[in-house]
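The values are calculated or read from the model by the stated rules, or taken from the named source; none is laboratory data. Computed from a prediction, not measured in an experiment: that's the story for all the values here. Here the Cβ is made from the backbone with ideal geometry for all residues, glycine too, and neighbour counts use every protein chain on show.
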Amino acid sequence: MNILIIYTHPNHESFNAAILKQVQNNLNSKHNIKLLDLYAEKFNTVLTFDKNHRRRNMATDPDTQKYHDLVTWADHLIFIFPIWWSGMPAILKGFIDRVFASGFAYSYKKRGMQGHLQGKTAWIITTHNTPGFVTPFIQDYGKVLKRQILAMCGIKPCKVSSLPYLRATNAEKCKKMLYKIAEQAKGL
């Protein structure tokens, strides 16, 4: 299976970096794995619309072709990112806005949308500082990515692993979280 990991955290010594290492170290070696680190890549999140850059032409924008090729190549996408201010990092939102564009990831039908990325699956791993019992009552951007973006583009099934309340989590609990991520990675 071709697996694309889309990693979104600027600190390579963070808990998200530890999650990335667990995933990379525990995926079966039979898989073909590519890493897309949006911060290391210095991904340009800026949408530009003018007479030379039209919204309807985003699917064929040469600046995003490399990313379209990666998403097309992948059978399975793994997103690793923190939830900040109740949302995904701006760089990831910009990536989705520019890469998961109409004409590439989906198109409009008379009623609704047609996803163009059928046959792909995903795993979303998020971290946040909200207590786990509060999470169902707020907008969870792991679930937003799953339901309102990936599913609409045809990517199903999609699993979400949410690691809550990190600021109040001790080292032992973090270790258990990483172990669980490792076990899930082994299962792919």
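Conditions (1) modelled with pLDDT under 95; (2) more than 19 Å from ILE3 (Cα to Cα); (3) part of a helix (DSSP H, G or I), marked per residue:
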residue: ARG111; (1), (2), (3): yes, yes, no
residue: PRO131; (1), (2), (3): yes, yes, no
residue: GLY142; (1), (2), (3): yes, no, yes
residue: ARG147; (1), (2), (3): yes, yes, yes
residue: LYS159; (1), (2), (3): no, no, no
residue: ARG167; (1), (2), (3): yes, yes, yes
residue: LYS173; (1), (2), (3): yes, yes, yes
residue: TYR179; (1), (2), (3): no, yes, yes
Taking the range 95-109 and keeping residues part of a helix (DSSP H, G or I) and surrounded by fewer than 17 Cβ atoms within 10 Å (Cβ to Cβ) leaves ASP97
Count of residues meeting criterion [touching a residue at least 40 places away in the same chain (Cβ under 8 Å) and either within 18 Å of GLU13 (Cα to Cα) or not polar (S, T, N, Q) (or both)] in the range 25-54: 9
Quick check on ILE6: is it assigned to a helix (DSSP H, G or I) and under 28 Å from ALA171 (Cβ atoms)? no
Just to check your reading of the model, which residue among LEU70, LEU20, LEU77 is aliphatic (A, V, I, L, M), closer than 29 Å to THR130 by Cβ and either out of contact with any Lys or Arg (no Cβ under 9 Å at 6 or more places or on another chain) or part of a helix (DSSP H, G or I) (or both)? LEU20
Within the range 90-133, the residues that are of a type in the set (Phe, Trp, Tyr) and free of Cβ contacts under 8 Å to residues at least 24 places away in the same chain are TYR108, PHE133
Among the residues of the range 12-19, is there at least one that is under 29 Å from LEU166 (Cβ atoms), under 16 Å from the mean Cα position of the chain (by Cα) and among the polar types (S, T, N, Q)? yes
For THR60, the lone unmet condition from (1) hydroxyl-bearing (Ser, Thr, Tyr); (2) closer than 19 Å to HIS76 by Cβ; (3) touching a residue at least 12 places away in the same chain (Cβ under 8 Å) is (2)
Scan the range 50-64 and tell me whether some residue there is closer than 18 Å to ILE19 by Cβ and more than 14 Å from the chain's Cα centre (by Cα). no
How many of the residues making up the range 23-48 are touching a Lys or Arg at 6+ places or on another chain (Cβ under 9 Å) and closer than 27 Å to LYS176 by Cα? 3
Exception for ASP69 within (1) under 17 Å from the mean Cα position of the chain (by Cα); (2) surrounded by 13 or more Cβ atoms within 10 Å (Cβ to Cβ) falls at (2)
If a residue has to be buried (at least 21 other Cβ atoms within 10 Å of the Cβ) and over 17 Å from the mean Cα position of the chain (by Cα) to count, how many in the range 110-126 make the cut? 0
The correct count of residues that are of a type in the set (S, T, N, Q) and under 13 Å from VAL144 (Cα atoms) in the range 71-105 is 1
A careful count of residues in the range 42-67 that are at pLDDT 90 or above, of a type in the set (Ser, Thr, Tyr) and assigned to a helix (DSSP H, G or I) gives 2
